[in-house]
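Have a look at the structure below, then the notes.
The values are calculated or read from the model by the stated rules, or taken from the named source; none is laboratory data. Just so we're clear, the structure is a prediction, and the values are computed from it rather than from any experiment. In this analysis, Cβ positions are derived from the backbone assuming ideal geometry, glycine residues included, and neighbour counts consider all displayed protein chains.
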Amino acid sequence: MENWGQPGNPDNRQNLHIDTRQLRIFLEVLAHGSVTRAAEALQLSQPAVSQVLRQLRDLSGDVLLVRSGSKLVPTPRAEAMLAPLTQSLEAIEAAFRPDEVFEPSRTDIVFRIASADCMEAFFLPRLIARIRHSAPRARILLRSIVADFDYAAALERGDLDVVIANWPGPPGNLRTRRLMTDRMVCIFGVEHPFSMRRTITLNDYMDQAHVAPLPVSSIRPGPVDGRLAELGLYRNIQVVVPEFNIVPYVLMSSDLVFTSSESFARHYRAILPIRSLPAPPEFDQMQFYLLWHERAQTAPANRWLRSEMTAVAQELSHNSA
């Protein structure tokens, strides 16, 4: 019969490590007041349960359980251990429990989104409206992708949830999904000579003075200059602006040409006296990518956010068709 009157051996403590299995067995014995009944409930052998109790006595330096009639009752030390051990076990189980279903209508999460600023006029307002409709208590933190901002590191740290990019070759260490495809267009003021044309050739394009935004990367060209570099060409950029949404106002009273996406042009054509034509056929279509880190791949809130962004992109693509 197990001797419950002897305290544990303190000399053995340095060689012992407690685990969740031991906690479960100890708490089960406390609940039943019996090694036999605890073993039956856990579908273990009685010697296995007794061995765990010996280990815990050695670890704690206390006998933990003593006989009182036909039952085992906890010592004061064991009673003091009950609440913190139960809470610890519950916390461990919660940490490994599968994520609950994300409920947008109840969340107050902060969505952190960085975007190429060409998306600010036509994409992000639609996304904000969609999020506000489904998740009215959520907060949205937007930031632009400025020159040399390490968005990949921000995604890894959790400072950002997703990034919308339109530059070629997004980093391979991030999760990537093609968000949408849009044709490239040339945008210009109503007084520009291109207003009298129906098409623009590459030679015509190269003869113009251009306005361009500050590059996102000092070493990697954007989609326009990247494509021209592939063709061995460099356009005459006369004006560089800090962000996209200044450009349409510059075009209204200048001879400059701006190259961007059809969605961007369509937005500003509706509110400003500017025009656009398809870019020369040598240009590829503009690709927009959704980027996120592997750490957020299965997070319910991030999955929901990505699905909402995809829905906005599909709506825009339908409007462009």
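So if I check each of VAL224, VAL257, VAL250, VAL241, which one is farther than 22 Å from MET180 by Cβ, within 32 Å of the chain's Cα centre (by Cα) and among the hydrophobic types (A, V, I, L, M, F, W, C)? So that I can check it myself, show each step before the final result.
Details: VAL224 fails: farther than 22 Å from MET180 by Cβ; VAL257 fails: within 32 Å of the chain's Cα centre (by Cα); VAL250 fails: within 32 Å of the chain's Cα centre (by Cα).
Only one candidate qualifies: VAL241.
Collect the residues in segment 201-239 that are of a type in the set (Val, Ile, Thr) and at pLDDT 95 or above, keeping them in residue-number order. Steps first, answer last, please.
Of the residues in segment 201-239, the ones of a type in the set (Val, Ile, Thr) are 201, 211, 216, 219, 224, 237, 239.
Residues satisfying the conditions are THR201, VAL211, ILE237, VAL239.
Pick from segment 18-34 the residues that are free of Cβ contacts under 8 Å to residues at least 40 places away in the same chain and within 19 Å of PRO76 (Cα to Cα): which of them is surrounded by the fewest Cβ atoms within 10 Å (Cβ to Cβ)? Break it down into steps so the answer makes sense when it comes.
From segment 18-34, those free of Cβ contacts under 8 Å to residues at least 40 places away in the same chain are 19, 21-22, 25, 28, 31-32, 34; that's our starting set.
Filter again for within 19 Å of PRO76 (Cα to Cα), leaving 25, 28, 31-32, 34.
Working: ILE25: 24, GLU28: 20, ALA31: 12, HIS32: 17, SER34: 17.
It comes out as ALA31.
Suppose we filter ARG57, ARG77 for residues that are crowded, with 17+ Cβ neighbours inside 10 Å, among the basic types (Lys, Arg) and in the same structural domain as LEU30 (by TED's automatic domain parsing); which single one remains? Before the answer, list the steps.
Working: ARG77 fails: crowded, with 17+ Cβ neighbours inside 10 Å.
The unique qualifying residue is ARG57.
If you check LEU272 against the conditions, is it assigned by TED's automatic domain parsing to the domain that holds PHE188 and free of Cβ contacts under 8 Å to residues at least 24 places away in the same chain? Give the steps one after another, and end with the answer.
Working: assigned by TED's automatic domain parsing to the domain that holds PHE188: yes; free of Cβ contacts under 8 Å to residues at least 24 places away in the same chain: no.
Answer is no for this residue.
Filter segment 103-117 for residues that are assigned to a helix (DSSP H, G or I) and either of a type outside the set (Ser, Thr, Tyr) or in contact with a Pro (Cβ under 6 Å, 6 or more places away or on another chain) (or both) and give the result. Spell out the reasoning first.
From segment 103-117, those assigned to a helix (DSSP H, G or I) are 104-106, 117; that's our starting set.
Passing the criteria: PRO104, ARG106, ASP117.
Any residue that is modelled with pLDDT of 95 or more, surrounded by 20 or more Cβ atoms within 10 Å (Cβ to Cβ) and assigned to a strand (DSSP E or B) - is there at least one of those in segment 241-258?
yes
Here's the yes/no breakdown for (1) part of a loop (DSSP other than H, G, I, E, B); (2) surrounded by 17 or more Cβ atoms within 10 Å (Cβ to Cβ):
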{"site": "TYR268", "(1), (2)": "no, yes"}
{"site": "ILE271", "(1), (2)": "yes, no"}
{"site": "SER276", "(1), (2)": "no, yes"}
{"site": "PRO281", "(1), (2)": "yes, no"}
{"site": "LEU291", "(1), (2)": "no, yes"}
{"site": "ALA301", "(1), (2)": "no, yes"}
{"site": "SER307", "(1), (2)": "no, no"}
